[in-house]
Amino acid sequence: MDYNTIKTVFKEYIHPLDSKVIQKMIDHAQIDRYVKKLDVLTFTNLFIYAQLQGLPSLGRISEKVKRKKSIQRLVGIEDTTGRHRRYQ
């Protein structure tokens, strides 16, 4: 699957999910209470990306994400300033 297909999947299926509603549920359940970087929404986006790419292991996911800033931005690990993006 190429990058454009992955971008399309994120735009069509992930983006329409109301992240504010999901974030309220996460906050209510205090799931991300002690999390600094890999919150639930970022984790979900990362594993959807890995599934679409057919990445076979956590090691491969980690390698791919470390190498490509565009993937980091796509899944929400970093914004353009290099800081962690927090969903609002």
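Couple of notes before you dig in:
- The set of residues in the stretch 30-69 that are more than 15 Å from the chain's Cα centre (by Cα) and in contact (Cβ under 8 Å) with a residue 40 or more places away in the chain contains only GLY54.
- Only a single criterion out of (1) at pLDDT 85 or above; (2) in a helix (DSSP H, G or I) is not satisfied by PRO56, namely (2).
- Filter result (of a type outside the set (A, V, I, L, M, F, W, C), open to solvent by 70 Å² or more (accessible area, probe 1.4 Å), closer than 26 Å to LYS69 by Cα and not in a helix (DSSP H, G or I)) within the stretch 16-51: PRO16, ASP18, TYR34, LYS36, LYS37
The values are calculated or read from the model by the stated rules, or taken from the named source; none is laboratory data. Small disclaimer: the values here were computed from a predicted structure and weren't measured. Virtual Cβ from ideal backbone geometry, glycine too; neighbours counted across all protein chains shown. These area figures cover heavy atoms from the full protein model, side chains too; ligands, DNA and RNA do not enter into them. Shrake-Rupley method; radii C 1.70, N 1.55, O 1.52, S 1.80 Å.
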